[in-house]
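Beneath this line is the structure, given in structure tokens, with notes to follow.
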Amino acid sequence: LPILTIESTCDETAAAVISDDGAVMGQCIATQEALHEQFRGVVPEVAARAHLERILPVIDTAIRQANVSPDDLTAIAVADRPGLAGSLLVGVVAAKTLAIAWQKPLVSLNHLHAHLYACQLSSEASVYPCVGLIVSGGHTSLYYCTSPLDLEYLGGTIDDAAGEAFDKVGAMLSLGFPGGPEVSKLAAKGKRDAYAFPRSMIHEKHFDFSFSGLKTAVRYAITGPGQQDFAKLEIDDQVKADVCASFETAVVDVLVRKSRRALKQYKCKQLIIGGGVAANGYLRQQFAAAATQDHFALTIAPPDLCTDNAVMGAIALEKIRRGDFASFDIDITPGLQRGF
Ligand code: ATP
Ligand code: MG
Ligand code: FE
């Protein structure tokens, strides 16, 4: 019997109907990219309002596509952390309301655990135990995972997330929003060693990351010190491509080096990578090369399951197997999560 999963943590409104063997029976994602484009970043109030308008049609579409009736559902699962408060609230209130109206049990999901679970969804065999790397718009974290629900936090960014850095570099170069895919496209035409951008903390033994220094270095490379008005700058196309290529290389270098070190330290032969930035082609290629060299198994979430979606909410099935249901008075846990 199928479950309904709901995702509204940031700026994607998504729902899916997933059968108890993990097959996707129906799904719908409404992205808000066009709404936030003019601000070059997600505006929380705009996101919350858009979720509110879209959540019921999105759920309805997923259920219709699956060709099930609400009666057939065995549970309703919703990501209640972490994310933007107003965004989370819309999903959680919708899930609770439907769970009460349809008399279904509720399951609460950690959005970050779901990002990593997207890797298991694309693998026939178990990917556990493994080192898990999340590279998303809000997070850059390493975990040691013994199951989809048992994750030990090893370290994470102390300032910007990798995706956030991609988006900010995109904004500096007046590229489209979100910046990640745009920067990646330009990077393919640039010289990867054109700029010697910093690889912060790359040699340090801990598993924390820092990308704000890199972001500042990119800014100085574009404007020279002191100036801030990017909108007025006319930047040569080749310079843009070189900046993107050198930036992307710096980010990926750090991610690869730290992940390799985590695998060694935990004597682990399996790495999984999830989150929006894991869709990046250069990242996928560099990790594949590292896997061949170091002889570890690599599972990166398929590109369409890297960015936010409700299919990765299939992790709810793991919670249901454990009898881990949520009470109807669950609250949201907004904000970024470090150490979680
Ligand atoms: P979190 O999961 O931490 O709460 P989020 O849900 O906003 O944050 P995701 O949806 O996982 O983040 O990922 C979005 C991020 O992924 C954006 O920063 C976007 O620029 C980045 N991204 C998407 N595709 C690519 C790509 N091809 N290359 C680099 N970055 C990318
Ligand atoms: Mg998004
Ligand atoms: Fe996400």
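The values are calculated or read from the model by the stated rules, or taken from the named source; none is laboratory data. The structure displayed is predicted, hence computed values, not measured ones. No Cβ is skipped: glycine too gets one built from the backbone with ideal geometry, and neighbour counts run over all protein chains shown.
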Scanning region 14-58 for residues that are surrounded by fewer than 17 Cβ atoms within 10 Å (Cβ to Cβ) and of a type in the set (D, E, K, R), the one nearest to ligand 3 (Cβ to nearest atom) turns out to be 33
Only one of 319, 267 is assigned to a loop (DSSP other than H, G, I, E, B), at pLDDT 95 or above and out of contact with any Lys or Arg (no Cβ under 9 Å at 6 or more places or on another chain), namely 267
With criteria (1) in a helix (DSSP H, G or I); (2) in contact with a Gly (Cβ under 9 Å, 6 or more places away or on another chain), residue 284 comes up short on (2)
The lone condition residue 198 fails out of (1) within 22 Å of residue 31 (Cβ to Cβ); (2) free of Cβ contacts under 8 Å to residues at least 60 places away in the same chain; (3) not in a helix (DSSP H, G or I) is (1)
Screening 138, 163, 180 for residues that are in a loop (DSSP other than H, G, I, E, B), within 10 Å of ligand 1 (Cβ to nearest atom), touching a residue at least 24 places away in the same chain (Cβ under 8 Å) and crowded, with 23+ Cβ neighbours inside 10 Å leaves only 138
Of 235, 158, 222, the only residue that is within 16 Å of ligand 1 (Cβ to nearest atom), of a type in the set (A, V, I, L, M, F, W, C), surrounded by fewer than 21 Cβ atoms within 10 Å (Cβ to Cβ) and under 30 Å from residue 43 (Cβ atoms) is 158
Per the list (1) in contact with a Pro (Cβ under 9 Å, 6 or more places away or on another chain); (2) surrounded by 19 or more Cβ atoms within 10 Å (Cβ to Cβ), residue check on residue 334 breaks on (2)
Counting only residues that are buried (at least 16 other Cβ atoms within 10 Å of the Cβ) and either within 16 Å of ligand 3 (Cβ to nearest atom) or closer than 16 Å to residue 180 by Cα (or both), region 272-295 contains a total of 12
When every residue in region 227-267 that is among the small types (Gly, Ala, Ser) and closer than 21 Å to residue 195 by Cβ is compared, the one farthest from the chain's Cα centre (by Cα) is 241
